[in-house]
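The values are calculated or read from the model by the stated rules, or taken from the named source; none is laboratory data. The shown structure was predicted, so the numbers you read here are calculated from the model rather than taken from an experiment. Because the Cβ atoms are built from the backbone with ideal geometry, glycine has one as well, and the counts that use them run over all protein chains shown. When the accessible area is computed, the model is the full protein with side chains, heavy atoms only, and any ligands, DNA or RNA have been set aside. Shrake-Rupley method; radii C 1.70, N 1.55, O 1.52, S 1.80 Å.
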Amino acid sequence: MTAILNILWRVWMVIIGLIFTILWGIPVYILSFRKSHYRYCYFFIRMWAYCMYYGMGMRYKRINLSKQNLDRNQQYVFVSNHTSIMDIMLMLILLPNHPLCFVGKKELVKIPIFGTIYKRICVMVDRSSARSRADVYRRCAEKMQEGSSIVIFPEGGVPDDTSIILDNFKDGAFILATKHKFSIAAFTFVGLKEMFPFNNKKGYPGCAKAYFNGIYEPNLSMTELKSVVYEEIKNVLNKYYLINK
């Protein structure tokens, strides 16, 4: 019975996804033609995220682990752990003053309606192409120089093994930060792995926690920066799962 209810819940997501992607996608599509209009475009993208996130019965609580504040006039490379499609919506909701550009899979362009918008507001990477993977840093730097911040989930995807608390980080976000001298801003998302996993037969509406780990300046080597951010995020996750055993 629970599995059936979860499938119906996912069907509901498809329904509201279609409605709100069309509703908010029209102004996003129109505004995305001019780079200078992306800040206005971002408002409608966030409206889409709100509708999808809250429409699925999700809520969140932000918890600051650092006293640092994000500068609304500065661009960042935002990173977090990645366990759910809701991570995307939550990141958009959390950051009203930093128009976000996601680094995403080229395959998502094939999704009707969504794909047309997606390719206009994201940096797409073909993971099977070494040339595409190498060029992503240049394209991300261009987006940031235009005023956007970049979101990269450094695990590179969601691990198939659900027992993995935090998968190894790939280098991309940290190469971008150290090469172009952009600060890293890190979040840890807790709860979405259980509330909205990629398993269509599991999940439930609930309140996720978004921990703001802090801002990390690119004055370390790429390897050191990656290690520091990884340990900060993993420490939060370890404490959560230790308490909730």
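Overview of values
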| read-out | value |
| --- | --- |
| Exclusive hit being modelled with pLDDT of 95 or more, under 24 Å from ALA134 (Cα atoms), open to solvent by 30 Å² or more (accessible area, probe 1.4 Å) and among the small types (Gly, Ala, Ser), set SER227, SER183 | SER227 |
| In region 120-136, residue farthest from the chain's Cα centre (by Cα) [restricted to those that are assigned to a helix (DSSP H, G or I) and crowded, with 17+ Cβ neighbours inside 10 Å] | VAL136 |
| Check on TYR40, over 28 Å from GLU217 (Cβ atoms), in contact with a helix residue (DSSP H, G or I) (Cβ under 6 Å, 6 or more places away or on another chain), hydroxyl-bearing (Ser, Thr, Tyr) and open to solvent by 30 Å² or more (accessible area, probe 1.4 Å) | yes |
| In region 137-170, the residues that are of a type in the set (Gly, Ala, Ser) and either surrounded by 14 or more Cβ atoms within 10 Å (Cβ to Cβ) or touching a Pro at 6+ places or on another chain (Cβ under 8 Å) (or both) | ALA141, GLY147, SER148, SER149, GLY156 |
| Condition met for LEU70 (open to solvent by 10 Å² or more (accessible area, probe 1.4 Å), touching a His at 6+ places or on another chain (Cβ under 8 Å), over 20 Å from ASN235 (Cα atoms) and modelled with pLDDT of 95 or more) | yes |
| The lone exception for LYS106 - which of (1) out of contact with any Cys (no Cβ under 7 Å at 6 or more places or on another chain); (2) open to solvent by less than 70 Å² (accessible area, probe 1.4 Å); (3) at pLDDT below 95 it fails | (2) |
